[in-house]
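Below is one structure, written out as structure tokens; comments come after it.
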Amino acid sequence: MKANAPRQPVLFLGHGSPMNAIEDNGFTRALARLGRRLAKPEAVLCVSAHWLTKGTWVTGMARPRTIHDFGGFPEALYQVRYPAPGSPRVAALVRETVGEDAVRVDDEEWGLDHGAWSVLRHVFPNADVPVVQLGIDFAAPARRHFELGEKLRPLREKGVLILGSGNIVHNLGRISFDENAAPAGWAVEFDAWVQERAAARDFEPLLGDLSRAPSGRLAVPTPDHYDPLLYVLGASDARDALRVECEGIQNGSISMRSLSFGT
């Protein structure tokens, strides 16, 4: 990595429906604006809600494939390719930074899932920034994800942009198929509560039992889409100004809130 690479921010992007990858809406336009503001990173390390692993893994292939890990959508979505290169060098740097015994390298099985490419194709549409993914250990508690984010923080000084892709509120059991459906009150409540805690850097409640949080049981029925936020919070520090890049509830029960630290 370049010795004089600019310090990179940390991003949490709500990705919502895979259709956001090919739609022109307020959310995707906000991502495009964000991309134009950013200094081009040396690489992106993406923690996606859609790569759940046993233990912690990082992709190490030079040319990751575009994974269409969804079903029942229009054919145009399956034709999308995001041909960003991978980076074995960044994968090695992740292992060195976190601890080589704590992270294993996937050289061939995974690639870029839609949690990664559906947002990156708006932020970096030329697909000219190397991307590696970090798997979420599905058995690890919330605090472990936050602590991994803390360990990854030094990568920012080496030009690596750390990106978490998920949704603060993600309840498919309560979803409306109308993208513009009125947001559920419980979704609005939890989304606002997380924003308040993040803005105050009061992270401890966000690592606890969310069933005790306002509307937490409905907002986070499973942790997969919430956990990427914890890596981002851990990788931020007190110097970072928090900026809301996008907010709103899609389909009644999916928060599209997107946050940046240090942009």
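How many residues, within segment 99-151, are closer than 25 Å to Thr28 by Cα and among the small types (Gly, Ala, Ser)? Result for segment 99-151: 6.
Cβ-Cβ distances below 8 Å connect the following pairs, each with a first residue in segment 213-237 that is under 19 Å from Gly16 (Cα atoms), a second residue that is basic (Lys, Arg), and a separation of six or more residues or different chains: Leu218/Arg174.
The combined condition, being touching a helix residue (DSSP H, G or I) at 6+ places or on another chain (Cβ under 8 Å), surrounded by 21 or more Cβ atoms within 10 Å (Cβ to Cβ) and polar (S, T, N, Q), is fulfilled by Ser118.
So Asp69 passes all but one of these: (1) more than 16 Å from Met256 (Cβ to Cβ); (2) out of contact with any strand residue (DSSP E or B) (no Cβ under 6 Å at 6 or more places or on another chain); (3) charged (D, E, K, R). Which condition number does it fail? Looking at each condition in turn, Asp69 falls short on (2).
Of all residues in segment 150-187, those that are among the β-branched types (Val, Ile, Thr), within 20 Å of Tyr226 (Cα to Cα) and touching a Leu at 6+ places or on another chain (Cβ under 8 Å) total 2. Screening Val160 against (1) closer than 22 Å to Gly55 by Cα; (2) crowded, with 22+ Cβ neighbours inside 10 Å leaves a single unmet condition, (1). Listed conditions (1) modelled with pLDDT of 95 or more; (2) surrounded by fewer than 23 Cβ atoms within 10 Å (Cβ to Cβ); (3) under 20 Å from Lys158 (Cα atoms); (4) out of contact with any Ser or Thr (no Cβ under 9 Å at 6 or more places or on another chain) are all met by Glu100, apart from (1).
The values are calculated or read from the model by the stated rules, or taken from the named source; none is laboratory data. Fair warning: this is a prediction, and the values are worked out from it, not measured in the lab. In this analysis, Cβ positions are derived from the backbone assuming ideal geometry, glycine residues included, and neighbour counts consider all displayed protein chains.
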